[in-house]
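A.B. asks: Next up is a structure, given as C-alpha cells.
Values in this text are rule-based calculations from the coordinates and carry no lab data. Worth saying up front: this structure is predicted, and the values here are computed from it rather than measured. Every residue, glycine as well, gets a Cβ built from its backbone with ideal geometry; the counts of neighbours run over all protein chains shown.
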Amino acid sequence: MLRVTNLEKAYKGQGKTVRALDAATLQVAPGELVAVQGPSGCGKTTLLLVAAGLLKPDAGQVLVNAQDPYALAPDGRARFRAENMGFVFQQFHLVPYLSALDNILAPTLARPAPDAAERAAHLARHFGLAERQDHLPGELSTGERQRTALARALLHNPRLLLADEPTGNLDEASGKVVLSHLAEFAKAGGAVLLVTHDPRAAEYATRTLRMESGRIET
C-alpha cells in the first residue's frame, strides 16, 4: 500500500543544511501497522509528510497504492489523498466551533459522500462518542478529542492511515485505546504508518523500525 524508496530531504537555513531524510526506505502492506520510533529531530515527521504527498522529497520515490502522488497536479494530489489516506495528528486539529459529529464529517467539505452522515454516526458510536457527539472540542476530554480525530480520519474508508505521535498528549489509558483502534484498522486490512516516541506502540505494531539521523534501520 505504501512504498518509499531512497528518500532524501534537506532543510536549509541560517547557513546550515539539516539532512532530515537520508536514503530512507520502507514499505507498509495491507494488514500491517508499522511503527517508526526514534529521537526528536531524527526525521520521523518529515518521513510522514513526504509519504503523505504533503512535502516533496529532494530525491527518491513515493508510491501509495502503486501511484506516485508527486506525479499528479496539486489538485489531483489533494483528491488522491482524500480518496486513499487518513491522517491522525498529536494536536488533533479539530475545528473548535464544530461539534464532535461535525468534526467527523469535516472531510465531506472536500469530498462529499452520500452515506457520510450514517457513517459518521456509526463511527461516533464505535469510538464511544455517541453521548458526546453534540459537544464542542473544548467540552471533550483529551482522549475524546483524539478519538474524534481518529473517527474523522476513517470517514472515507481510507486504505492507508498516517499517524504522527497520536498518543503524545494522552494519558496511558487513552493512549492504549488509540493504539488498539489503529491495530484494529490494520487487522481489518488497512495499512498504518505510525511515527511515535511511545514505547507501547511496539505491543500493537506488526513491525517496529528505528530511525536515526534520517535513516531507517531495518
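A.B. asks: Give me Rg/Rg_expected for the stretch 122-165, where Rg uses Cα atoms only and Rg_expected = 2.2 N^0.38 Å with N residues.
C.D. replies: Cα Rg divided by the expected 2.2 N^0.38 Å: 1.17.
A.B. asks: Relative to the present Cα-Cα distance, how much length would full extension add between T17 and L136 at 0.36 nm per residue of separation?
C.D. replies: Value of the extension gain: 38.6 nm.
A.B. asks: Right, next: How far is helix 142-154 tilted, in degrees, relative to the longest principal axis of the Cα atoms in the chain, given as a value from 0 to 90 rounded to the nearest 10?
C.D. replies: Taking Cα atoms only, the helix is inclined about 80 degrees.
A.B. asks: Okay, moving on. Where in the stretch 86-158 are there chymotrypsin sites (Phe, Trp or Tyr not before Pro) that are in a DSSP coil and have at most 10 other Cβ atoms within 10 angstrom of their Cβ?
C.D. replies: Y97
A.B. asks: Please state the relative contact order of the stretch 83-186 as a whole percent: Cα pairs under 8 Å, 6+ residues apart?
C.D. replies: Contact order relative to length: 44 percent.
A.B. asks: Using the reciprocal of the averaged 1/r over all distinct C-alpha pairs, how large is the Kirkwood radius of the chain in Å?
C.D. replies: Over the chain, the inverse of the mean reciprocal pair distance is 17.7 Å.
A.B. asks: Over all directions, the average projected area of the alpha-carbon convex hull for the stretch 45-84 comes to how many nm²?
C.D. replies: Its average projected convex-hull area is 2.7 nm².
A.B. asks: Turning to a different aspect of this structure: Quote the FRET efficiency, to the nearest 0.05, computed for E184 versus S40 with a Förster distance R0 of 35 Å and r equal to the Cβ-Cβ distance.
C.D. replies: 0.80
A.B. asks: Once R0 is set to 45 Å, what does the formula 1/(1 + (r/R0)^6) return for the Cβ-Cβ distance between A121 and L72, expressed as a FRET efficiency to the nearest 0.05?
C.D. replies: 0.85
A.B. asks: Run the numbers for D58 and E203: contour at 0.36 nm per residue of separation, minus the present Cα-Cα distance, in nm.
C.D. replies: Fully extending the segment from D58 to E203 adds 48.8 nm.
A.B. asks: In addition: Which whole-angstrom value gives the distance between the alpha carbon centres of the stretch 90-130 and the stretch 1-51?
C.D. replies: Taking the Cα centre of the stretch 1-51 as reference, the centre of the stretch 90-130 is 29 Å away.
A.B. asks: Could you tell me what percent of the DSSP beta bridges with both partners in the stretch 2-217 are antiparallel, to the nearest 5?
C.D. replies: Of those bridges, close to 50 percent are antiparallel.
A.B. asks: May I ask which of K44/K187; K12/K176; K56/K176 have a Cα-Cα span longer than 26 Å here?
C.D. replies: Pairs exceeding 26 Å: K12/K176; K56/K176.
A.B. asks: Can you work out the base-10 log of I(q)/I(0) for the stretch 1-96 at q = 0.16, 0.20, 0.21, 0.23 1/Å, using the Debye formula on its C-alpha atoms alone?
C.D. replies: Log10 of I(q)/I(0), two decimals: -0.74, -1.11, -1.19, -1.34.
A.B. asks: Two-decimal Rg/Rh of the stretch 93-218 from alpha-carbon positions, Kirkwood Rh?
C.D. replies: Here the Rg-to-Rh quotient is 0.99.
A.B. asks: What distance in nm separates the two pseudo spin-label positions at A173 and Q91, each 7 Å out from Cα along the beta-carbon direction?
C.D. replies: With each label point 7 Å from Cα toward Cβ, the separation is 2.8 nm.
A.B. asks: So for the pair E83, E217, with labels modelled 7 Å out along Cα→Cβ, what separation do we get in nm?
C.D. replies: Each label point is offset 7 Å from its Cα along the Cβ direction, giving 4.0 nm.
A.B. asks: Once you place label points 7 Å from the Cα toward the Cβ at L109 and R210, how far apart are they in nm?
C.D. replies: About 4.2 nm separates the two model spin labels.
A.B. asks: What is the dipole size for the chain, taken about its Cα centre, with +1 at each Lys and Arg Cβ and -1 at each Asp and Glu Cβ, in debye to the nearest 20?
C.D. replies: Here the size comes out at about 540 debye.
A.B. asks: Another question about this same structure. Relative to the longest principal axis of the C-alpha atoms of the chain, give the angle of the C-alpha long axis of helix 172-187, reported between 0 and 90° and rounded to the nearest 10°.
C.D. replies: The helix 172-187 is inclined about 80 degrees to the chain.
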